[in-house]
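Right, one structure below, let's go through it.
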Amino acid sequence: MRHSTHGTRISRFAGIAMLVVAAAFTGTGTALAHSTGSSAVDQKVDGVMVVAGNSCSWTNASTSAVPPNALTVDRTTINTPGGNLACGGGIAATLNNNPAFTFDDAAGTARTDLIDITGRQSFISCRYKATGIVWNRDATSRKYVNRAFTAAKTSGSFLCPGSVTTPAGDASMLFH
């Protein structure tokens, strides 16, 4: 029975790590350098991620521009107390960087340079980074859905998996 509990714990921590990493990719934002001609109201992004029945989401994070212009997002409008990032399952997540997004409207894609996120549950903390994440645009909207990606562990408990993979379609972001 002890062996089964340990295996369940490791699986749970792997699920937590996937949830936390994917949550960061779901969308991020704050105004770092507002572009001329765009109002702050037009420079927002919502994000949502579901993994193993748990979800992380936020709304109305600010961005530095509107798509298809390249934009940077500020983690302070995602992370609490400035933002409203919330996760289910007793997980807490923190975005550690200000990701940059570029858009290719002809190809219907967006790309994120780097996502650096830390997830915590109880006394377990895991930090992961992923680069070059590609998102597919949903028709003519500004909703983007992730392609599969893998994030590598950069620090944290020995209970954290060395890497986590987020399947295609498990995260989305909506710029508005």
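The table below lists the values:
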item: Wholly enclosed strands (runs of 3 or more DSSP E) of the range 124-176 bearing at least 1 residues of a type in the set (Val, Ile, Thr); result: 124-137, 143-146, 149-156, 163-166
item: Conditions (1) β-branched (Val, Ile, Thr); (2) at pLDDT 95 or above; (3) over 17 Å from residue 171 (Cα atoms): number failed by residue 109; result: (3)
item: Evaluation of residue 106 against (1) touching a residue at least 12 places away in the same chain (Cβ under 8 Å); (2) part of a loop (DSSP other than H, G, I, E, B) (one fails), failing number; result: (1)
item: Residue list for the range 142-162, filter: touching a Lys or Arg at 6+ places or on another chain (Cβ under 7 Å), polar (S, T, N, Q) and open to solvent by less than 60 Å² (accessible area, probe 1.4 Å); result: 155
item: Hits in the range 124-134 (condition: out of contact with any helix residue (DSSP H, G or I) (no Cβ under 8 Å at 6 or more places or on another chain) and more than 18 Å from residue 162 (Cα to Cα)); result: 132, 134
item: Set 112, 118: member being β-branched (Val, Ile, Thr), in contact with a Lys or Arg (Cβ under 6 Å, 6 or more places away or on another chain) and closer than 24 Å to residue 163 by Cβ; result: 118
item: Test: residue in the range 128-141 that is out of contact with any Leu (no Cβ under 6 Å at 6 or more places or on another chain), within 22 Å of residue 54 (Cα to Cα) and open to solvent by 60 Å² or more (accessible area, probe 1.4 Å); result: yes
item: Hits in the range 92-127 (condition: β-branched (Val, Ile, Thr) and open to solvent by less than 30 Å² (accessible area, probe 1.4 Å)); result: 109, 112, 115, 117, 118, 124
item: Tally of residues being surrounded by fewer than 21 Cβ atoms within 10 Å (Cβ to Cβ) and either in contact with a helix residue (DSSP H, G or I) (Cβ under 7 Å, 6 or more places away or on another chain) or of a type in the set (Lys, Arg) (or both) across the range 67-86; result: 1
item: Qualifying positions in the range 53-66 - open to solvent by less than 20 Å² (accessible area, probe 1.4 Å) and assigned to a loop (DSSP other than H, G, I, E, B); result: 64, 65
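The values are calculated or read from the model by the stated rules, or taken from the named source; none is laboratory data. Bear in mind that the values here come from a model prediction, so they are computed numbers and not experimental data. Every residue, glycine among them, receives a Cβ derived from its backbone with ideal geometry; neighbour counts consider all protein chains shown. These area figures cover heavy atoms from the full protein model, side chains too; ligands, DNA and RNA do not enter into them. Shrake-Rupley method; radii C 1.70, N 1.55, O 1.52, S 1.80 Å.
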